[in-house]
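Written out below as structure tokens is the structure these notes cover.
The values are calculated or read from the model by the stated rules, or taken from the named source; none is laboratory data. A quick note: this is a predicted structure, and the numbers were derived from the prediction, not measured. For neighbour counting, all protein chains shown are included, and Cβ atoms are generated from backbone atoms with ideal geometry for every residue, glycine included. For the accessible areas, the whole protein counts, side chains as well, though only heavy atoms, and no ligand, DNA or RNA atoms are used. Shrake-Rupley method; radii C 1.70, N 1.55, O 1.52, S 1.80 Å.
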Amino acid sequence: DSVHMADSTAIRVAFLLPLHADAVKRDKHMDRFYDFYAGALIAIYEKQQSGQAMEIFTYDIGKTALRTSEVLQQHPEIREAHAVVGPAYAQQVEVVLDSLHEDSVWVMIPFLSRVKNIESHPFVLKFNPSEQIEADTLARYLAQRADSVNCVLVEAKAGEVIPSGIKALHQALKEHQVPTSSVSLKAILTDSIEGAFLPEKENIVIFNTERYANLQTVMPHLLKACGTYRITLFSHYSWQSEKIILPQLYTSVFTPQPAVSEEYEWLFEQYFDHELSSYQPRYDLLGYDLTNQLLDMLILQKSSQDNTVMLQDVWTGTQANIHYQSTAPEGGYENHIVHIIHQ
């Protein structure tokens, strides 16, 4: 049924998430969406406690574009919201953006790093920076240390598909004139790495994979080479649960040590006391930060009638800082804050 929105002072937010509330047995991968929603509700509760009127609408849209389309058709009140949070899957985002294109409803995308046609949808906020932003940020960081680093690019084998993020990094290193050398995987596995690894520099080894399991056979050889060379592994945020002995370099949208307030932890325990789906990152804190930033922006926008208010500045959160920048003159916005973790 449609919902009549009466309070003109209220900030109206609609959540479009894959909550699968009717599932007999929920996929464990879905738990992160419950954590995210819990953190978002704590952010909303705190705003209400400070006197801000809120109207919240939550729709369980599963994973499919069809279900998303049905919900949008059945609930015209979504068009009257100030913002939508979600959806989680790429095939759903397209449906939401096309449906709300004429309604000036902000759509905040929490989980995806790619949003198709974001350049032509001015009311999009995308939290995850693109692979290009991550690559450029890391390349600039290494360019500032050009005198002391050597990036060792492991050559692709015939027919190997290099992940697009690694390709973007290779190109960014070239454009920023970061010193690089190359080595074959066979050379590492046969301990024949002279010339590619430099004894006087920090050798940052960049493999053509985003899966740590693919490196099981090569890691002992890198550890052996540490007796002769300074070696750092270009890593990925998802590898942080692995027992990696080597120093690492990786990018992250999250601050390494989130400072969670006692008040937040107390509220989470009071209302949502359950085991978290993940601690790196904490998805409840992701929901808390992204919803807080969105509400701060909407409250200021409501008072100033400026659609871009709060998007020029860096917004500081508990686990994530956010700096949305425009993707194109008539385009949406994406977060540009990328932390470099260099251990």
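So, in the stretch 116-132, how many residues would count as being in a loop (DSSP other than H, G, I, E, B) and either open to solvent by less than 50 Å² (accessible area, probe 1.4 Å) or among the β-branched types (V, I, T) (or both)?
Result for the stretch 116-132: 7.
Name the residue, out of E202, E210, that is of a type outside the set (K, R), under 20 Å from V149 (Cβ atoms) and out of contact with any Gly (no Cβ under 6 Å at 6 or more places or on another chain).
Answer to the selection: E202.
For residues that are over 13 Å from Q343 (Cβ atoms) and either out of contact with any strand residue (DSSP E or B) (no Cβ under 8 Å at 6 or more places or on another chain) or open to solvent by 30 Å² or more (accessible area, probe 1.4 Å) (or both), tally how many sit in the stretch 243-253.
Residues flagged as over 13 Å from Q343 (Cβ atoms) and either out of contact with any strand residue (DSSP E or B) (no Cβ under 8 Å at 6 or more places or on another chain) or open to solvent by 30 Å² or more (accessible area, probe 1.4 Å) (or both) within the stretch 243-253 amount to 1.
Out of D296, D313, D273, report the one residue that is touching a Phe, Trp or Tyr at 6+ places or on another chain (Cβ under 9 Å) and of a type in the set (D, E, K, R).
D296
Might you check whether a residue that is at pLDDT 95 or above, within 30 Å of S120 (Cβ to Cβ) and either among the basic types (K, R) or in contact with a Gly (Cβ under 7 Å, 6 or more places away or on another chain) (or both) occurs anywhere in the stretch 293-315?
Yes, the stretch 293-315 contains at least one residue that is at pLDDT 95 or above, within 30 Å of S120 (Cβ to Cβ) and either among the basic types (K, R) or in contact with a Gly (Cβ under 7 Å, 6 or more places away or on another chain) (or both).
If F111 passes every condition in (1) of a type outside the set (S, T, Y); (2) assigned to a loop (DSSP other than H, G, I, E, B); (3) in contact with a His (Cβ under 7 Å, 6 or more places away or on another chain); (4) open to solvent by 30 Å² or more (accessible area, probe 1.4 Å) but one, which one does it miss?
(3)
Kindly list, by first and then second residue, each pair from a residue in the stretch 129-149 that is more than 15 Å from S113 (Cβ to Cβ) and of a type in the set (V, I, T) to a residue that is at pLDDT 95 or above and in a helix (DSSP H, G or I), limited to pairs with Cβ atoms under 7 Å and residues at least 6 apart or on different chains.
V149/L142
Please go through the stretch 49-73 and give me each residue that is open to solvent by 10 Å² or more (accessible area, probe 1.4 Å) and in contact with a strand residue (DSSP E or B) (Cβ under 9 Å, 6 or more places away or on another chain), ordered by number.
Q52, A53, M54, E55, I56, F57, T58, Y59, D60, R67, L72
Which condition from (1) closer than 27 Å to S326 by Cβ; (2) surrounded by fewer than 17 Cβ atoms within 10 Å (Cβ to Cβ); (3) within 22 Å of the chain's Cα centre (by Cα) is the one that S104 breaks?
(3)
Could you list, ordered by first residue, the pairs with Cβ atoms under 6 Å in which the first is in the stretch 9-31 and within 19 Å of Y45 (Cα to Cα) and the second is part of a loop (DSSP other than H, G, I, E, B) and modelled with pLDDT under 75, at least 6 apart or interchain?
Listed pairs, sorted by first residue: R12/M5.
Taking the stretch 74-91 as the region of interest, how many residues are assigned to a loop (DSSP other than H, G, I, E, B) and either open to solvent by 40 Å² or more (accessible area, probe 1.4 Å) or touching an Asp or Glu at 6+ places or on another chain (Cβ under 9 Å) (or both)?
Summing the residues that are assigned to a loop (DSSP other than H, G, I, E, B) and either open to solvent by 40 Å² or more (accessible area, probe 1.4 Å) or touching an Asp or Glu at 6+ places or on another chain (Cβ under 9 Å) (or both) in the stretch 74-91 gives 4.
Search the stretch 192-210 for residues that are more than 10 Å from V152 (Cβ to Cβ) and pair each with any residue that is of a type in the set (A, V, I, L, M) and assigned to a loop (DSSP other than H, G, I, E, B) when their beta-carbon atoms are under 6 Å apart and the residues are at least 6 apart or on different chains.
Listed pairs, sorted by first residue: N208/A156; N208/I162.
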